Amino acid sequence: MSSFFSVPGAQKKRKRDNDGASGKRSTRPRPTTKPQAALKKRVERGDDDEITSGSDSGFERAEDADAYTSESDEGENEETAAQKRLRLASEYLSRVREEVEATGWDAEQIDKDMIAARLEEDVAESKGKVFRHIASDIDLDSRPTMFRDNTHTVTSVALCSPFIYLVTKDSQLIKYRLQPPRDEQYKQTTRKKPKKQAPPRKRPQRLASVKGRHTRAGDKNFKGHVGQILCVAASDDGKYVVTGGDDKRIVVWDSSLKPLRVFTHHRDSVTGLVFRRNSHQMYSCSKDRTIRVWNCDALAFVESLFGHADSALDVDALALERLISVGARDRTVRLWKVADETQLVFRATSGTGDKKKQIDLGVDPNSLAATGSLDRVAYIDESYFITGSDNGCISLWTLSKKKPLDTIARAHGLEDPLHPSVASSEEHPSAKVVPPPQPRGITSLRALPYSDLILSGSTDGFIVSTGISCLDLVELHNKA
């Protein structure tokens, strides 16, 4: 019986199977062919050869490569992002055309009703990039609505739709509501079947009013006017209403006409007020030759602007932090850049430059040779503005030139000639002493911002609606 300890050491070695002989390391170099090439060779040798587990990964990689190739071929046939957008836009337009043809809608009206287009238009208008040609579309033949109130002469009007604010010489501030269009008004009867529908309301509805007190002129704590009110302005949102008068006061009111603050910084009559668009920053001009800047949110004075050599009679502003003013007898227009603390000066020309036409009309050529006073100014947009003078001229200006681009002479015609008995104190005056008729001065001037519509007024009882290329008259009332 053999024992483990008696067996020779050579026989103690563990025998290995023949199959494991192939596991010995080989000194031959490994093949450098790719897995796909080796796979093809093995497939060609037949079904009798075995495919080891190590070759499975190569087979999977081959399938992945084929799939990638097929996907790349399909990707070449797919449309790009730009082509997809073009296709979707074409489909949308085709659907819109079908709807318009089916229902009879106006494609232009559909575009106007798009909210995005309206917002873009509002933003562009606020930046001065939209200019509307509407002067020729105004219906000048329509009958105006006239009404009378128990007040003295109206000196200024401010509009904040649907409200209007009037100020008068008897120190009254009145708030009205404009009537809506006829289709939007409520029925004025409670009967179910009225015999005849009542006519629509046209007269503005009076909502509130306040009146100053001349007896409180010495009271500095009185929140109101103690003299004639000459100008009024309302903010775009209707939150603030500001008035100024010959009592050197500026009174800030809320929407219910409750006084909030009284400013007494001006040393003479306040002649003009204006709000910066979409803002509560306010500008005022006065006969003390100064322009003052105010902040209505803080109810505080900001700064004063000096430069005019005579009374500052009118002021206007748009969305930018700029304002424009005229200086009466100094015959200058000044553009104030508040943020930069600079100003541009534009001087009025010496005359209209058309003396032959004046002679044909029987007008003294020397009577219109010079502009005596610049009384009114109004913005058209951020680059153009207009002025009105005492010689009846309306001039169009641009910021890039120091002289007006165009001038309308005698926009409101000439005054009636004087009678010889009025022109001379003699008992039997001669007709030679009668001076030539003079043009009517421009007493009011306003332009619809970012449009070609200009409105002016004078002592003849007419409002002149002036376009860039047209001049029309609208008679308001006959002069007494």
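The values are calculated or read from the model by the stated rules, or taken from the named source; none is laboratory data. Source: prediction; values computed, not measured. Virtual Cβ from ideal backbone geometry, glycine too; neighbours counted across all protein chains shown.
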Against the definition (under 27 Å from Leu273 (Cα atoms) and either in contact with a helix residue (DSSP H, G or I) (Cβ under 7 Å, 6 or more places away or on another chain) or at pLDDT below 90 (or both)), how does Gly388 come out, yes or no? no
Of the conditions (1) under 18 Å from Tyr176 (Cβ atoms); (2) in contact (Cβ under 8 Å) with a residue 40 or more places away in the chain; (3) under 29 Å from the mean Cα position of the chain (by Cα), Arg206 clears all except one; give me its number. (3)
Within region 216-252, can you find the residues that are part of a loop (DSSP other than H, G, I, E, B), of a type in the set (D, E, K, R) and over 12 Å from Phe275 (Cα atoms)? Asp219, Lys220, Lys223, Asp246, Asp247, Lys248, Arg249
So, in region 376-402, exactly how many residues are within 25 Å of the chain's Cα centre (by Cα) and in a strand (DSSP E or B)? 14
Might you let me know whether region 388-411 holds any residue that is more than 22 Å from Val326 (Cα to Cα) and either of a type outside the set (A, V, I, L, M, F, W, C) or surrounded by fewer than 17 Cβ atoms within 10 Å (Cβ to Cβ) (or both)? no
Search region 332-358 for residues that are more than 27 Å from Arg322 (Cα to Cα) and surrounded by 13 or more Cβ atoms within 10 Å (Cβ to Cβ) and pair each with any residue that is modelled with pLDDT under 95 and among the β-branched types (Val, Ile, Thr) when their beta-carbon atoms are under 8 Å apart and the residues are at least 6 apart or on different chains. Gly351/Thr371; Thr352/Thr407; Gln358/Thr352
Residue count, region 254-280 (criterion: touching a residue at least 40 places away in the same chain (Cβ under 8 Å), under 20 Å from Ala317 (Cβ atoms) and touching a strand residue (DSSP E or B) at 6+ places or on another chain (Cβ under 8 Å)): 9
Give me the residue from region 130-189 that is of a type in the set (Ser, Thr, Tyr) and part of a loop (DSSP other than H, G, I, E, B) and, out of that set, modelled with the highest pLDDT. Ser171
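Yes or no, residue by residue, for (1) outside any helix (DSSP H, G or I); (2) closer than 24 Å to Arg331 by Cα; (3) at pLDDT below 80; (4) under 33 Å from the mean Cα position of the chain (by Cα):
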{"residue": "Pro404", "(1), (2), (3), (4)": "yes, yes, no, yes"}
{"residue": "Leu418", "(1), (2), (3), (4)": "yes, no, no, no"}
{"residue": "Lys432", "(1), (2), (3), (4)": "no, no, yes, no"}
{"residue": "Pro435", "(1), (2), (3), (4)": "yes, no, yes, no"}
{"residue": "Asp472", "(1), (2), (3), (4)": "yes, no, yes, yes"}
Of all residues being under 21 Å from the mean Cα position of the chain (by Cα), hydrophobic (A, V, I, L, M, F, W, C) and under 27 Å from Leu273 (Cα atoms) in region 117-156, which is surrounded by the most Cβ atoms within 10 Å (Cβ to Cβ)? Just the residue, please. Ala135
Of the residues that sit in region 335-359 and are among the hydrophobic types (A, V, I, L, M, F, W, C) and modelled with pLDDT of 90 or more, which one is farthest from Thr387 (Cα to Cα)? Ala339
Report yes if some residue within region 364-372 is assigned to a loop (DSSP other than H, G, I, E, B), touching a helix residue (DSSP H, G or I) at 6+ places or on another chain (Cβ under 8 Å), among the β-branched types (Val, Ile, Thr) and at pLDDT below 90; otherwise report no. no
Among the residues of region 122-176, write down those that are of a type outside the set (Val, Ile, Thr) and in contact with a Leu (Cβ under 6 Å, 6 or more places away or on another chain). Ala135, Pro162, Lys175
